[in-house]
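I have placed the structure first, in the form of structure tokens, so that the comments after it can refer back to it.
Rule-based calculations on the coordinates, nothing more; no lab input. Quick caveat, the model's predicted, so the values are computed rather than measured. Every residue, glycine as well, gets a Cβ built from its backbone with ideal geometry; the counts of neighbours run over all protein chains shown.
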Amino acid sequence: MKLNPEIKKKYRIRNKLKKNSPKDRYRLSVSRSSKNISAQIIDDSQNITLVSASSMSKEFKQDKKNKTEMSLMVAELLAKKAQDKNIKKIYFDRGVYKYHGRVKIFAETLRKKGLEF
């Protein structure tokens, strides 16, 4: 079975992160589409999702904001949920997306809200 280049890139980035990151941190996985952005904090040792946030949730459906403002709002919501669960240290899995634009704004907002990565 042949994998396409995007899937190869995603696995290559994720495997490097898992190899180099300490075991006391959780993984923050980001995915975005042309209109929405979502993220989840995952515990890879138990294979469970601890916290998730998305621009497709009910809180954001009424707001007609642009995409960068939506990524700011989703990052603030995710940071609040993570602080409620006492999650401070994570590592950032950007997937196949460049660290640019909405993904960069998302990461910087999380850093400002107190998450370390």
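Counting only Cβ charges, +1 for Lys and Arg and -1 for Asp and Glu, the dipole size of region 13-117 around its Cα centre is about 300 debye. Across region 5-112, the fraction of Cα-Cα pairs farther apart than 17 Å, rounded to a whole number, is 52%. The helix-based estimate of mean residue ellipticity at 222 nm for the chain, built from -39,500 (n - 2.57) per DSSP H run of four or more residues and divided by its residue count, is -13000 deg cm²/dmol to the nearest 500. Cβ-Cβ distance of residue 52 and residue 12, R₀ of 25 Å, FRET efficiency by 1/(1 + (r/R0)^6): the value works out to about 0.55. From least to most packed, judged by other beta carbons within 10 angstrom and beginning with the fewest, 41, 105 follow the order 105, 41. Under the convention that each Lys and Arg Cβ holds +1 and each Asp and Glu Cβ holds -1, the size of the dipole of region 1-53 around its Cα centre is about 380 debye.
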